[in-house]
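Okay, structure first, notes after.
The values are calculated or read from the model by the stated rules, or taken from the named source; none is laboratory data. All values reported here derive from a predicted model rather than from experimental measurement. In this analysis, Cβ positions are derived from the backbone assuming ideal geometry, glycine residues included, and neighbour counts consider all displayed protein chains. For accessibility, only protein heavy atoms count, side chains too; no ligands or nucleic acids. Shrake-Rupley method; radii C 1.70, N 1.55, O 1.52, S 1.80 Å.
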Amino acid sequence: MTRILIAEDEPRISSFVSKGLEAAGYMTAVVEDGNEALQTALSGEFALMLLDVGLPSMDGFDVLAHLRGSGSTMPVILLTARTSTRDMVEGLDSGANDYIPKPFKFDELLARVRVRLREGGTSANSMVISHREVSLDMLARRATVGGREVDLSAREFALAEQFLRNPGLVLSREQLLSRVWGLDFDPGSNVVDVYVRYLRTKFGTEHIETVRGAGYRWL
Ligand code: CA
């Protein structure tokens, strides 16, 4: 049975959502705190997470950034009372698959959950992203270049994923830092440059172009 994780600190909302989802045939678990949400999501036991933005100990954006930073592609739908465009953009930019402002109707939430699960389900069979001769198998966590396997650390894999999902686009250091390192590092950190160097060593220097003053682009 499909398991859905609900990270929400308002019992009234979590119980309403949990009862509704169980009536629709899903199994649910509720956590009320950001750290716990992250640890539980990383267990890999859940097919999807509904994630409240305003959570104690770590907010939803940080939970999401850490989750994506550790390479998880689990579908995440953000639940939030905040309706500003900035929060929505920040949420989607940090790797949310969808966004539902509170208050919402349960039917609306259920419809979005079904869409995201269906997307996850179809892509699970072909979870390979590739561009030219470089491929990343998201399930097996394997990287290859021209058919030759390349050994990557979790961070290197997450960085390569960002590039391969956005070939030809310039990604700034700040974007890469927040998507891969989850804001653990200050914006002045050179960790992105260091990891780009690692990827160049492993994949070959011709794949990542430095765009002066702007960032990096996967070619
Ligand atoms: Ca809350």
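Summary table below
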{"item": "The stretch 3-120: C-alpha gyration tensor shape, a/c 1.5 cut-off, then a/b vs b/c", "result": "rounded"}
{"item": "For the stretch 126-218, radius of gyration divided by Kirkwood radius, i.e. Rg to Rh on alpha-carbons", "result": "0.94"}
{"item": "Solvent-accessible surface (1.4 angstrom probe) belonging to D62, in square angstrom, nearest 10", "result": "50"}
{"item": "5 angstrom amide H check on V128, placed H, neighbours 5+ away", "result": "M138"}
{"item": "Test item: Cα-centred dipole of the stretch 141-183, Lys/Arg +1 and Asp/Glu -1 on Cβ, debye", "result": "60"}
{"item": "Leading residue at positive end of dipole, the chain (Cβ point charges), from G95, A214, M27", "result": "A214"}
{"item": "Farthest toward positive dipole pole in the chain [+1 Lys/Arg, -1 Asp/Glu at C-beta], among S57, F104, S153", "result": "S153"}
{"item": "5 angstrom amide H check on V31, placed H, neighbours 5+ away", "result": "I6, A7, E8"}
{"item": "Exposed chymotrypsin sites (Phe, Trp or Tyr not before Pro) absent - longest run of the chain, DSSP non-H/G/I/E/B, at most 16 other C-beta within 10 Å", "result": "1-103"}
{"item": "The stretch 3-120 - accessible surface per residue (Å², probe 1.4 Å)", "result": "44"}
{"item": "Student exercise, the stretch 1-84 dipole from Lys, Arg, Asp, Glu Cβ charges, in Debye to nearest 20", "result": "300"}
{"item": "The stretch 126-218, accessible area per residue, ligands and nucleic acids excluded (1.4 Å, Å²)", "result": "51"}
{"item": "Helix-only [θ]222 nm of the chain, DSSP H runs n ≥ 4, -39500 (n - 2.57) each, per residue, nearest 500", "result": "-13000 deg cm²/dmol"}
